[in-house]
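Okay, so here's the structure we're looking at.
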Amino acid sequence: MPEPAVRFSDATLEYHGRRIWSHLSLGFEGGSFVAILGPNGSGKTSLLRAVLGLTELASGTVEVLGQPARRGDSAIGYVPQHQNLEVDLPMRGRDLVQLGLDGHRWGLGRPDAAAHRRVEHAIEAVAATAYADAPIGRLSGGEQQRLRIAQALVGDPRLLLCDEPLASLDLRHQQGITELIGAWQHGGERTVLFVTHDVNPVLDLVDQVLFVVNGRWAMGTPDEVLTSSRMTELYGSHVDVLRVHGRILVVGESSGSGFEMEEPHHLPVMPDDDHHPPQASA
Amino acid sequence: MDQILHLLGYEFAQNALAAGLVVGIVSGVVSRFVVMRNMAFAVHALSELGFTGSAGAILLGVSPVVGLMTATTITALFIGALGVRVRERDSVVGIAMAFGLGLGVLFLSLYPRYATQAFSILFGSITGVSRGDVALLIGIGVVTLVALGVIYRPLTFATVDPEVAEARGVPIRQLGVVFLLILAAAVAEAVQVVGVLLILTLLITPGATAERLTVTPARATACSVLVALVAVIGGILLALATNLPVSVYVTSLSFAGYLLARFVVGPRLLGTEGRGASAAAARADG
């Protein structure tokens, strides 16, 4: 078995004095695509922040590629939760990508042919060349997200962390982004940790699922974890896992009788889109 | 014209231009970040507390420039220490400003012959700057520019994209405090030209004008410096030719520059880029 790309050992995380999860011990295999699922507030983003070295664990350790997690690790690429950038932001897509390459370095940053080529290459890889010189705030959400992926990959990381990269994108852009990440991962021993509400868009790519609920977690292949019995155990109340047209839907009892659903987990966020039939909600 | 050339032979005019050159460059660069980081209110507070500092210095018989610098630095540290979150920041700035101005009133009332000096601090008096003050201004200006040069890239990263910057190891919080200290120095410099009350003409207008002209960050910074320099140097020269205060011309020039950029030049330069982007977006969205 290969060395895990990320390994939590007996890790406990607290947020503003509240214990999110404790005694977490697990490893994400190098070269695997891991989907991190679970309701809001279950600490998915905190888990990524711990891997980035931005959140200190209350106890235990987290190792990234054999080293203790540390801030600014150049082996990690990071795509934050998508927010549209300000319309007036005086910056081009190209500049955002460039910051991902050398924005953390001191000094003015003089033009450099090698850096320019890398930025150019990263933009081509996400097929964003056509709009890389336009003001980034005026691009669509999907275009901005492609540039975000280029920004995360321009430093040639070995581990890619994505926090809800598909949220607020329509299905076609979701597919586009998913394909990009899949293509990148197949290029070598590259690991992806992918926090998401909805596992379906990435189901074909996923090797492992980590499902976190109220401090409990389950990990394994989608077929092992996303079952009615495992989910019921995890949530502590009855949950059905349905497979409909190749999609996985996790459906809980209505609120009040079992657990509270803040939102329909695993149901895709459906933008107004005429091409798709309406989905049943939980 | 002849009058300007004649006056340029005098030391006070040379001092003013030397100081103006440094102030213009510093203001131009700092103004970019002030606009991007939404710090107009902090600039206003720093400069008004600079007034209190100068008033205190005059009362003690010290150089007003030193008093100004001290007050803006203390204010910057106060805001940096207490105003961590953006939401908190404006309140902390307001709290500091209110108390500081109260002190200013106290100093003013303790020193009865203060009126003319108060006027020059409030509205600027660069033609009255002494050789020693010019040396001090140039020294502070150079230190400020070097500091800005060192943090320029990570500060840009932290400003436009804080989440990824933090993940890449950029010390966001520390940079915020360092920038406040740089801002304190820039305010102390700009107050010499336009005074406390008109400070925003040098620390907001150039940066806001530049954003109307280009979306390329390096070019925007160059535009911002150019606008600030034209306003300061042009203002000093025009003031030498007439008898009106420098700040009248500096504010008018920078305002004219903004209007020109916003309504005449900018729409031509940016309009095409903007249309290109929305057209690309429209194509991608199908």
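Every read-out reported here was derived from the displayed coordinates using simple, explicitly stated rules and does not represent laboratory data. Quick caveat: nothing in here was measured; it's all calculated off a predicted structure. Don't worry about glycine lacking a Cβ; one is built from the backbone with ideal geometry, like all the others, and counts go over all protein chains shown.
Here are the numbers:
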| quantity | calculated |
| --- | --- |
| Most positive-pole-ward Cα, A:Leu166, A:Thr61, A:Ala128, against dipole of the range A:61-172 from beta carbon charges | A:Thr61 |
| Estimated 222 nm signal from helices in the protein assembly as shown, with DSSP H stretches of n ≥ 4 weighted -39500 (n - 2.57), rounded to 500 | -17500 deg cm²/dmol |
| Listed residues A:Gly17, A:Gly41, A:Gly66, most fluctuating in chain A (Gaussian network, C-alpha, under 10 Å) | A:Gly17 |
| GNM top mover of B:Asp90, B:Asp133, B:Asp161 - chain B, alpha-carbon springs below 10 Å | B:Asp161 |
| Per-residue HN-Hα couplings for the range B:156-172 [Karplus 6.51, -1.76, 1.60; θ = phi - 60°; Hz; x = Gly/Pro] | 4, 4, 5, 6, 8, 8, x, 5, 5, 4, 4, 5, 7, x, 6, x, 3 |
| Dipole magnitude of the range A:61-148, debye to nearest 20 (Cβ charges: Lys/Arg +1, Asp/Glu -1, about Cα centre) | 120 |
| Diffusion constant of the protein assembly as shown at 37 °C, which comes from Stokes-Einstein with the Kirkwood Cα-pair radius and 0.692 mPa s, µm²/s | 124 |
| Contour excess over end-to-end distance, with Cα ends at A:Glu56 and A:Asp240 and 0.36 nm allotted per residue | 62.7 nm |
| Gain in span if fully extended, B:Arg173 to B:Arg85, counting 0.36 nm per residue against the direct Cα distance | 30.7 nm |
| Qualifying trypsin sites (Lys or Arg not before Pro) for the range B:1-90 [loop in DSSP, other Cβ within 10 Å: at most 15] | B:Arg85 |
| Cβ-based exposure ranking for A:Asp170, A:Asp112, in which fewest neighbours within 10 Å come first | A:Asp112, A:Asp170 |
| Cα-derived Rg over Rh, computed across the range B:24-73 with Rh taken as Kirkwood radius | 1.09 |
| Rounded to whole Hz, the Karplus (6.51, -1.76, 1.60) HN-Hα couplings of the range A:86-94, x for glycine and proline | 4, 4, 8, 3, x, 7, 9, x, 4 |
| Between 0 and 90°, nearest 10: helix B:40-60 axis offset from chain B longest Cα axis | 20 |
| Positive-end residue of B:Leu175, B:Ala222, B:Gln192, charge dipole of the range B:96-244 with Cβ unit charges | B:Gln192 |
| Farthest toward positive dipole pole in the protein assembly as shown [+1 Lys/Arg, -1 Asp/Glu at C-beta], among B:Ala261, A:Gly43, A:Gly100 | B:Ala261 |
| Kirkwood Rh and Cα Rg combined as Rg/Rh, the range B:2-285 | 1.00 |
| Distant-in-sequence amide H partners of A:Glu164 (H built 1.01 Å from N, under 5 Å) | A:Val195, A:Thr196 |
| Set of the range A:42-73 residues, backbone N closer than 14 Å to the point 7 Å along the Cα-Cβ line of A:Gln81 | A:42-49 |
| Burial ordering of A:Glu124, B:Glu48, fewest other beta-carbon atoms within 10 Å first | A:Glu124, B:Glu48 |
| Relative contact order computed over chain A (Cα-Cα under 8 Å; 6+ residues apart), in percent | 21 |
| Neighbour net charge for A:Ser59 - beta-carbon separation under 14 angstrom, K R +1, D E -1 | -2 |
| Rounded Å value of the spacing that divides the Cα centres of the range A:169-216 and the range B:53-77 | 57 |
| Within the protein assembly as shown: Cβ-based charge dipole about Cα centre, in debye rounded to nearest 20 (Lys, Arg +1; Asp, Glu -1) | 1660 |
| Cβ-defined net charge surrounding A:Val195, 9 Å radius [Lys, Arg +1; Asp, Glu -1] | -1 |
| Exposure proxy order (Cβ contacts within 10 Å, fewest to most) of B:Val265, B:Val215 | B:Val265, B:Val215 |
| Degrees, to the nearest 10: B:246-260 long Cα axis against longest axis of chain B | 10 |
| For the range A:45-80 and the range B:182-215, distance of Cα centres in Å | 40 |
| Value of relative contact order over chain B, rounded to a whole percent, pairs C-alpha under 8 Å and six or more apart | 30 |
| In the range A:138-200, GluC sites (Glu not before Pro) in a DSSP loop with at most 12 other beta-carbon atoms within 10 Å | A:Glu189 |
| Equivalent ellipsoid dimensions for the range A:85-155 as semi-axes, Å, which come from the Cα gyration tensor, largest first | 19, 14, 10 |
| Residue-by-residue Karplus 3J(HN,Hα) for the range A:96-106, coefficients 6.51, -1.76, 1.60, Hz, glycine and proline x | 4, 5, 4, 4, x, 7, 9, x, 7, 7, 6 |
| About the Cα centre, charge dipole magnitude for the range B:9-141 (Lys/Arg +1, Asp/Glu -1 at Cβ), debye | 260 |
| Radius 15 Å from Cβ of A:His16, net charge of other residues (Lys, Arg +1; Asp, Glu -1) | +2 |
| Amide hydrogen neighbours beyond the local backbone of A:Met91, cut-off 5 Å, H modeled | A:Ile136, A:Gly137 |
| Separation of alpha-carbon centers, the range B:247-271 and the range A:107-133, rounded to whole Å | 32 |
| Amide H contacts under 5 Å for B:Gly195, placed H, 5+ residues apart | B:Gly124, B:Ser125 |
